[in-house]
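Bear in mind these aren't lab numbers, they're just calculated from the coordinates by the rules spelled out. What you are looking at is a predicted structure, and each value in this text was computed from that prediction instead of being measured. We place every Cβ from the backbone using ideal geometry, glycine too, and count neighbours over all the protein chains shown.
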Amino acid sequence: MRPSNRKILSRRFYARPTVLVAVDLLGKVLLHRTAQGTAAGRIVETEAYLASDPVSHSTRGKTERTKIIWGKPGFTYVYLNYGMYHCLNIVAEKAEIPGCVLIRALEPDTTGIPLMQERRNTTDLHSLTSGPGKLTQALNITTAQNGADVTQGDLTILDGQSDFEVVVTSRIGISKAERAPLRFFMKDSPFASHTNRCKRFFVGATEKVKEAFVNGMLESYNMQQPATKTRYGERK
């Protein structure tokens with residue numbers, strides 16, 4: 001993996017249904033340039049948070065903190081979770097449709113591994129970026145990067161590989177819509193934050209997984225909102 005040889009993803013990539021963006025972000029490369037140096041990693045795990053989602057930060061309406069989720073796609077929504085660690089989300093959908101993708105885990109790139117190890121105070125590559133708080137610490141992503149445009153600048157997402165299978169499971173650490181199949185990770189990746197508490201729904205190639213959602217994979221799951229079928233199976 002050589003980030004310098006890869007193209008930055010365009011805004012059009014993000015201006016699509018949140019689930020499709022979440023699946024397609026797998027294999028892409030997250031890169032952050034700072035005064036300390038450059039650190040990067042391949043995205044191996046994501047979670048989708050939809051407009052209809054009772055656990056999404058957008059569910060209570062637009063606020064000063066969450067208004068970025070209603071904005072243009074391809075911008076970051078970074079928040080401090082439980083006052084302990086930062087979570088990096090990427091805004092998806094067209095403007096005024098709130099949807100975002102949580103970046104849950106990375107496979108560390110050779111670019112900046114010593115710097116990431118110093119920031120995380122560990123030499124264990126498998127635990128270096130295997131969680132949302134771990135990866136933001138390793139790449140030095142904080143609320144200072146909230147609202148950053150990932151199609152340009154110091155924090156970007158680059159094109160990557162797509163020749164792998166995707167595992168679809170329920171999401172981690174939530175109390176509502178806990179069985180919705182909205183967590184995605186690269187099969188057999190030792191860098192994903194695997195957990196036995198998640199329900200596994202589906203394993204398949206990237207295009208097969210996306211096709212399943214386009215054909216209504218979410219229809220049978222209660223997102224605790226009035227049920228209206230859409231092309232993408234989302235309940236709004």
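Results, tabulated for the structure shown:
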{"quantity": "Choice from Met116, Met217, Met84 with maximal GNM fluctuation in the chain (Cα, 10 Å cutoff)", "calculated": "Met84"}
{"quantity": "Sequence-separation-based contact order of region 3-163, relative, with Cα cut under 8 Å and 6+ spacing, percent", "calculated": "31 percent"}
{"quantity": "Leading residue at positive end of dipole, the chain (Cβ point charges), from Ala39, Thr18, Phe201", "calculated": "Thr18"}
{"quantity": "For Phe164, Phe191, order by how many other beta-carbon atoms lie within 10 Å, fewest first", "calculated": "Phe164, Phe191"}
{"quantity": "Per-residue Cβ neighbour rank within 10 angstrom, fewest leading, Val21, Val214", "calculated": "Val214, Val21"}
{"quantity": "Which of Ala51, Gly112, Val29, positive extreme of dipole for region 3-163 (C-beta unit charges)", "calculated": "Ala51"}
{"quantity": "Projected label distance in nm at Ala35 and Arg11, using a 7 Å step from Cα toward the beta-carbon", "calculated": "3.0 nm"}
{"quantity": "Phi-based couplings in Hz for region 151-163 (Karplus 6.51, -1.76, 1.60; Gly and Pro marked x)", "calculated": "8, 6, x, 7, 10, 9, 10, 10, 4, x, 7, 9, 8"}
{"quantity": "Cα coordinate range in region 4-57, projected on the principal axes (Å, largest first)", "calculated": "39, 22, 19"}
{"quantity": "Prolate/oblate/rounded call for region 76-179, Cα gyration tensor, a/c under 1.5 rounded", "calculated": "rounded"}
{"quantity": "Proximal aspartates and glutamates to Lys208, defined as alpha-carbon separation beneath 16 angstrom and excluding residues fewer than eight positions away on the same chain", "calculated": "Asp24, Asp163, Glu165"}
{"quantity": "Eligible lysines near Lys94 by straight Cα distance, threshold 16 Å, same-chain separation 8 or greater", "calculated": "Lys62, Lys67, Lys72, Lys236"}
{"quantity": "Residue-averaged [θ]222 nm for the chain, counting only DSSP H segments that reach four residues, each worth -39500 (n - 2.57)", "calculated": "-4000 deg cm²/dmol"}
{"quantity": "Net length gained if the chain between Gln161 and Asn121 were fully extended (0.36 nm per residue, minus Cα distance)", "calculated": "11.5 nm"}
{"quantity": "For Leu88, distant residues with modelled amide H under 5 Å away", "calculated": "Ile103"}
{"quantity": "Dimensionless Rg ratio for the chain, taking C-alpha atoms and the 2.2 N^0.38 Å reference", "calculated": "0.94"}
{"quantity": "Cβ-based exposure ranking for Lys134, Lys187, in which fewest neighbours within 10 Å come first", "calculated": "Lys187, Lys134"}
